[in-house]
Amino acid sequence: MTSLDHRSTTTGPWQSEPARLARAARSILACPAGVNLVVDGVEDVLGDLGESGGELGMQDLGGVPTFSSPVGTRLAAAAADGRRALLTLESGVGRPGSTEREAVVTLGGRLETRGLETCECCCDERETLVLVVDLVVLSQPTAPGDGRQRVPVEHFRSAEHLLNGGYLQRSTEHANLCHQDELRRAVSTTTGTRLADVIGVALAGLSPAGVDVQWVDVEGSHVHRLVFRRVASTTEELGELLRTELHAGLC
């Protein structure tokens, strides 16, 4: 397993801005474009996923990389053994071609199991695994030296980064792609426009304080900045504000 030279990543200007670096790293964890996992002592740890009849799912749960694995995989066995692993995440944050997309975060730590879960739709059992992070290195093309900056783990784990840019971007993309019918109904209901005349809706500029609602109908394109009644501080609050105020806040 690749090792990181602590000496090359523990000095430099990052020390004056750990919160910014932590937020950038958390954003990449929440919105990765590519994921690579290497486990100490296990060759091709993801190579048997096809044989097990499933695929690996990964999500960020409050700064903890969490995996959903078919039962009996090499990865599940490695987690049961508490093996160390390196998780490398390529940035999916920002527009394609932007410098934000050139960033990479490497997370080191120990794998642990969190029990079994059963899929509601197919009743298949899957194992929940986590990476307990104790090393965070952010690589950015604009950073000094070799571009690698050590991120203090306590800042990376901080709850203040729950609503990071990557999470907000991923939430917006998910809503626009998977909830188009609900968005069209919300615009139709709150503006008095026939549902058939609402051609498409998109959310943009999502923040804990509000969101831009953009839509096209037979009369043209429209944009409305929806300001929430309160500023969200958790992912649950943000989801609730979006659901309730999309139906009540458009005018």
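Quick notes on this structure:
- Test set (1) touching a His at 6+ places or on another chain (Cβ under 8 Å); (2) modelled with pLDDT under 95; (3) open to solvent by 70 Å² or more (accessible area, probe 1.4 Å) - Arg23 fails condition number: (2)
- In segment 41-53, residue modelled with the highest pLDDT [restricted to those that are buried (at least 17 other Cβ atoms within 10 Å of the Cβ) and under 25 Å from the mean Cα position of the chain (by Cα)]: Val45
- The residues of segment 184-195 that are surrounded by 14 or more Cβ atoms within 10 Å (Cβ to Cβ) and touching a helix residue (DSSP H, G or I) at 6+ places or on another chain (Cβ under 7 Å), listed by number, are Arg184, Arg185, Ala186, Ser188, Thr189, Thr190, Thr193.
- Those strands (runs of 3 or more DSSP E) lying entirely in segment 96-182 with at least 1 residues in contact with a strand residue (DSSP E or B) (Cβ under 7 Å, 6 or more places away or on another chain) and surrounded by fewer than 16 Cβ atoms within 10 Å (Cβ to Cβ): 104-118, 125-139
- Qualifying residue in segment 201-216 (condition: assigned to a helix (DSSP H, G or I) and not hydrophobic (A, V, I, L, M, F, W, C)): no
- From Val130, Val187, Val153, Val201, residue being within 21 Å of Ala24 (Cβ to Cβ), touching a residue at least 12 places away in the same chain (Cβ under 8 Å) and not basic (Lys, Arg): Val153
- Verdict on Leu203 being out of contact with any strand residue (DSSP E or B) (no Cβ under 9 Å at 6 or more places or on another chain), crowded, with 18+ Cβ neighbours inside 10 Å, within 25 Å of Thr99 (Cβ to Cβ) and among the hydrophobic types (A, V, I, L, M, F, W, C): no
- Residues within segment 209-246 that are free of Cβ contacts under 8 Å to residues at least 40 places away in the same chain and either under 21 Å from Leu195 (Cα atoms) or touching a strand residue (DSSP E or B) at 6+ places or on another chain (Cβ under 6 Å) (or both), tallied: 22
- Of all residues in segment 75-119 being acidic (Asp, Glu) and within 15 Å of the chain's Cα centre (by Cα), the one that is modelled with the lowest pLDDT: Glu100
- Evaluated against (1) over 24 Å from Gly94 (Cα atoms); (2) open to solvent by less than 50 Å² (accessible area, probe 1.4 Å); (3) at pLDDT below 95, Cys251 falls short on exactly one condition, (2).
- Considering residues of segment 212-234 that are open to solvent by less than 50 Å² (accessible area, probe 1.4 Å) and closer than 27 Å to Tyr167 by Cβ only, the residue nearest to the chain's Cα centre (by Cα): Thr234
The values are calculated or read from the model by the stated rules, or taken from the named source; none is laboratory data. Please read all numbers here as calculations on a predicted model, not as lab measurements. Here Cβ is always computed from backbone atoms with ideal geometry, including for glycine, and neighbour counts include all displayed protein chains. Keep in mind that these areas ignore ligands, DNA and RNA; they rest on the heavy atoms of the full protein, side chains included. Shrake-Rupley method; radii C 1.70, N 1.55, O 1.52, S 1.80 Å.
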